[in-house]
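Notes follow once the structure below has been shown.
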Protein chains: 2
Amino acid sequence: MVRNPHRSPVMADVARVAGVSHQTVSRVLNDHPNVRPETRERVLAAIEGLGYRRNSTARALVTRRTDTLGVITFDTTLYGPASTLHGIERAARDAGYFLSIVSLRDLTRADLAEALDHLARQQVDGIVVIVPQSAVAVALTEMPQQVPVVTVEGDADVGLAVVNVDQHMGGALVTEHLLRLGHRTVWHLAGPEDWLEAQARLSGWRETLLAAGAPVPPPLYGDWSPRSGYRNGQRLAGMPDVTAVFVANDQMALGVVRALHEARIRVPEEVSVVGFDDIPESEFFAPPLTTVAQDFAEVGRKAIALLLDALAEEEPPWRHAGPADGATPAPAAPRVVVRPQLVVRRSSAPPTPR
Amino acid sequence: MVRNPHRSPVMADVARVAGVSHQTVSRVLNDHPNVRPETRERVLAAIEGLGYRRNSTARALVTRRTDTLGVITFDTTLYGPASTLHGIERAARDAGYFLSIVSLRDLTRADLAEALDHLARQQVDGIVVIVPQSAVAVALTEMPQQVPVVTVEGDADVGLAVVNVDQHMGGALVTEHLLRLGHRTVWHLAGPEDWLEAQARLSGWRETLLAAGAPVPPPLYGDWSPRSGYRNGQRLAGMPDVTAVFVANDQMALGVVRALHEARIRVPEEVSVVGFDDIPESEFFAPPLTTVAQDFAEVGRKAIALLLDALAEEEPPWRHAGPADGATPAPAAPRVVVRPQLVVRRSSAPPTPR
DNA sequence: CGACTCCATGTGAACGCTAACAATTGGGGG
DNA sequence: CCCCCAATTGTTAGCGTTCACATGGAGTCG
């Protein structure tokens, strides 16, 4: 029987050319120790000559490992998620894994279930979920997992492995910075209420104010977009006692600064504005924005590292339903925290009476 | 023989429960017409009951289709590539495809080859390459493809299917806009010389100047970053005859505006600045940036549509080495062009003597 | 009423790989 | 000199699916 010449070569073809059995070819490919160097050479030459590439589909069928990790994200257009994704991609490939990506249309339970199903059908070895919304994080725990799952910017309290930037600390850093400059209090334009990062930044802000005995103004809420920053900035411009604003991300901060500028309120002389994320642009805003830098690449690396750890464990109780058997106490789901860093630029300064 | 109860169910399990053969289960799953409705019901019930999910690995092995598309990108942190990727992801999933992503570390031939190899091993059905660098585009044509390839923002002249935003037109739109405002000529801060988009925007600019009989100043070059815009902005600030600058992307434009501002040169009164990309921030820059909007989502959709077209063709001569047999003339590689749109904001205005 | 078709279903063989075991060789120790 | 063991290689049997073909029963038609 003659193989279709247009079909790419398979192991048997290599074996024939090298004059060995297909199993020996497999051994060479898998770096088995017991292969004579001379035989190995011959096989490698045949592989080279034929341009053979192992069919990872067939391999996955028998090994039950696809060497593929799934990633579930939300809006990959936002700077944070995009950067994290980038870090994950790098780390995964360095570890020899393929990456399969699903981005959620809506942050709904149904969409999440569909995404998990999509990845399960594809037999991924593990999943990274970048879904910083609390409802979704909870929903995730209710779906039975066949494979290890690591969440990024997820809820640390739902029992899943998680890698987080310490958003609470970030909010505290900003607030302390502004209080130390002499502001009586700090206003806050937060992100959407159901975003975990927004909640944590807000609580860092609130607790710092409380600890300092400063009044806690009612927070404003935006949707991360520059436009929502602009609208809220217009509101802030109308409040004469505002001297310092902590904005939950740089894009909204840009909008706030713009609105203040249009209202002829000078930044930072009359109102200090601090952002969050340290997007590449923020250094060149007018004025350059004081903000909080997060090491997204590090977050991506840590997430993959956690996933690989879980994959390396032989017994697969990645998720413990409860106390279960007393023999092996369920190890707590690992948490990794990456510390953010305050970057002081020119948009924050001591208060001046307005 | 008893199956490991922890193993997920397979077709045979469904078959046993439903009292049919595995082949009938397969028929139900693949919507074959000749299955009695009653049988279908029984099979579906068994699937539901067992929580069965088809193993797409095994399926791929026999069908030789993985329902997976590969995407090769470069820096997914940049707004354009990130947005395009987003559009591609959506379109691919709507069409029922999985997406496997590889991002190049360096824009080198070796890295590209590795990425292609990575995807080939994974048996992807087709590949989208978002690699807007000319050297890489050429290298791509020299690598034999087993599967259809569509390039995004690639070189239209190398014989691969390509989806492009008409960057040349974008450059022309900006230049015409500025000339029409009364500027004697327009300076240009271009992107890196080896980027195709940078080349096309530059040529649109140059040709428009030539057509208008305006002098063509020597272009400056940046690396897309706000910082490089800033540095080049400092140079431009020192040139008294500059009244209008076309900057090849919004991030650099931000840097230019910043540098001009620091040099106490007012935008747009003394110098008009126009960017490219229409990132969400640009509307809120100081002043709001005149720029060119590109429909990245549309680009992503078109790229997937092209790939699906190629996949649908039965005969697979996706790439014709030459004229070959006279019988079926090689169809020209399809080109799809998406038109950009000028967005006029406040950073461009008629010239005023400086 | 026999031959023929159509429908519904089952059976066996791939797909390309790895795991498990079998077979063959050569060398060292008793 | 023979036996045993290690090293090297081959053989066979899956992995879970789809494809090609076989089977059997119910109509249909001349």
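Summary table
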read-out: Any hit, region B:147-165, residues being assigned to a loop (DSSP other than H, G, I, E, B) and within 14 Å of chain A (Cβ to nearest Cβ); value: yes
read-out: Test: residue in region A:210-225 that is within 12 Å of another protein chain (Cβ to nearest Cβ) and more than 18 Å from A:GLY171 (Cα to Cα); value: yes
read-out: Condition met for A:ARG53 (within 8 Å of DNA strand C (Cβ to nearest atom), more than 8 Å from every other protein chain (Cβ to nearest Cβ), open to solvent by 10 Å² or more (accessible area, probe 1.4 Å) and among the basic types (Lys, Arg)); value: no
read-out: Residue within region A:40-47 that is more than 10 Å from every other protein chain (Cβ to nearest Cβ), buried (at least 19 other Cβ atoms within 10 Å of the Cβ) and under 34 Å from the mean Cα position of the chain (by Cα) present; value: no
read-out: Pairs where the first residue, in region A:30-51, is basic (Lys, Arg) and the second is assigned to a helix (DSSP H, G or I) and more than 12 Å from DNA strand C (Cβ to nearest atom), C-beta under 9 Å, 6+ apart; value: A:ARG42/A:VAL17; A:ARG42/A:ALA18
read-out: Verdict on B:GLY19 being farther than 20 Å from B:ARG301 by Cα, more than 13 Å from DNA strand D (Cβ to nearest atom) and of a type outside the set (Asp, Glu); value: yes
read-out: Filtered residue count, region A:306-320, keeping only those that are surrounded by 16 or more Cβ atoms within 10 Å (Cβ to Cβ) and modelled with pLDDT of 50 or more; value: 5
read-out: Which listed residue is crowded, with 17+ Cβ neighbours inside 10 Å and within 11 Å of DNA strand D (Cβ to nearest atom), from A:VAL28, A:VAL10; value: A:VAL28
read-out: Exclusive hit being in contact with a helix residue (DSSP H, G or I) (Cβ under 6 Å, 6 or more places away or on another chain), closer than 24 Å to A:ASP157 by Cβ and among the small types (Gly, Ala, Ser), set A:ALA244, A:ALA211, A:ALA200, A:ALA237; value: A:ALA200
read-out: Those residues of region B:200-215 which are within 17 Å of B:VAL274 (Cα to Cα) and open to solvent by 30 Å² or more (accessible area, probe 1.4 Å), in sequence order; value: B:SER203, B:ARG206
read-out: Scope region B:136-151; condition surrounded by 15 or more Cβ atoms within 10 Å (Cβ to Cβ) and within 21 Å of B:ASP194 (Cα to Cα); matching residues; value: B:VAL136, B:ALA137, B:ALA139, B:LEU140, B:THR141, B:VAL150, B:THR151
read-out: Single condition A:ASN30 does not satisfy, out of (1) more than 14 Å from the chain's Cα centre (by Cα); (2) within 9 Å of chain B (Cβ to nearest Cβ); value: (2)
read-out: In region A:57-77, the residues that are within 21 Å of B:VAL102 (Cβ to Cβ) and within 8 Å of another protein chain (Cβ to nearest Cβ); value: A:THR57, A:ALA60, A:THR66, A:THR68, A:THR76, A:THR77
read-out: Meets criteria (within 11 Å of chain A (Cβ to nearest Cβ), open to solvent by less than 20 Å² (accessible area, probe 1.4 Å), without any contact (Cβ under 8 Å) to a residue 60 or more places away in the chain and at negative phi) for B:ALA120; value: no
read-out: Count of residues meeting criterion [within 18 Å of B:THR68 (Cα to Cα) and either in contact with a Cys (Cβ under 7 Å, 6 or more places away or on another chain) or at the interface with another protein chain (Cβ under 9 Å from one of its Cβ atoms) (or both)] in region A:85-102; value: 7
read-out: Region B:40-50 - residue that is charged (D, E, K, R) and over 27 Å from A:ALA60 (Cα atoms) and, of those, farthest from DNA strand C (Cβ to nearest atom); value: B:GLU41
read-out: Filter result for the condition that a residue is at pLDDT below 85, in contact with a Lys or Arg (Cβ under 7 Å, 6 or more places away or on another chain) and either over 28 Å from B:SER103 (Cα atoms) or not in a loop (DSSP other than H, G, I, E, B) (or both), over A:ALA135, A:ALA91, A:ALA139; value: A:ALA139
read-out: Filtered residues of region A:250-293 (kept if touching a strand residue (DSSP E or B) at 6+ places or on another chain (Cβ under 6 Å) and open to solvent by 10 Å² or more (accessible area, probe 1.4 Å)); value: A:VAL257, A:VAL267, A:ASP278, A:ALA293
read-out: Sole exception among (1) free of Cβ contacts under 8 Å to residues at least 60 places away in the same chain; (2) at the interface with chain B (Cβ under 10 Å from one of its Cβ atoms); (3) open to solvent by 10 Å² or more (accessible area, probe 1.4 Å); (4) hydrophobic (A, V, I, L, M, F, W, C) for A:ALA82, by number; value: (3)
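The values are calculated or read from the model by the stated rules, or taken from the named source; none is laboratory data. The structure presented is a predicted model; accordingly, all values stated were derived computationally and were not measured. Note: ideal-geometry Cβ built from the backbone for every residue, glycine included; neighbour counts use all protein chains shown. Note: accessible area is taken over every heavy atom of the protein model, side chains too, but ligands, DNA and RNA are not part of it. Shrake-Rupley method; radii C 1.70, N 1.55, O 1.52, S 1.80 Å.
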